[in-house]
Amino acid sequence: MKIRIKGNSVRFRLTRSEVDYFGKFNYLEESTEFGNSTFRYALQRSENGNELSAGFAENKMTLHVPEHLAKDWTGTERVGLESEMNIGQGKKLYLLLEKDFKCLDNTTEDQSDNYENPLAQKNGN
């Protein structure tokens, strides 16, 4: 699971096996260690709500995915889910959950578990 954070925007990207795991167990968590501190990030299925939402507590960011959206996303070819969460004072947090595609350019990152990039077929790759 990868996350990209920029300002008030958070993007989660999952490989095939991570999407499968989340579909079966309704929860997925990873962590990054910073010496004496650990930052954790998780995806959790929730029984209520109609949109993605997020929370941050005790050095852990959790993206909550309503059950009906989680079933659709994990059980179909649907690529992503997105929403804007009101965070008060007229501000919003943009949330995006996506299936991770293989890059079209050369990269040293292991992409063997990523989804096939639909643009690769259009470009003859």
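Each reported figure results from applying straightforward, stated rules to the coordinates on display, with no laboratory input. Everything numeric in this text was worked out from a predicted model, so none of it was measured. Virtual Cβ from ideal backbone geometry, glycine too; neighbours counted across all protein chains shown.
For segment 2-102, averaging the sequence separation of C-alpha pairs within contact (under 8 Å, six or more residues apart) and dividing by the residue count gives a relative contact order of 29 percent. Here the Karplus curve 6.51 cos²θ - 1.76 cosθ + 1.60, taken at θ = phi - 60°, turns the phi angles of segment 10-25 into couplings of 10, 10, 9, 10, 10, 7, 4, 5, 5, 4, 4, 4, 4, x, 7, 10 Hz, with x standing for Gly and Pro. From the square roots a ≥ b ≥ c of the eigenvalues of the alpha-carbon gyration tensor of segment 18-65, which class results: rounded (a/c under 1.5), prolate (a/b over b/c), or oblate? Oblate. Convex hull volume per residue, computed on the Cα atoms of segment 2-102, equals 119 Å³.
Summing Lys and Arg as +1 and Asp and Glu as -1 over all other residues whose Cβ lies under 12 Å from the Cβ of ARG4 gives a net charge of +2. Taking amide H atoms as placed 1.01 Å from N in the peptide plane, the amide H of ASP100 lies under 5 Å from those of LEU14, THR15, TYR115, each 5 or more residues away in sequence or on another chain.
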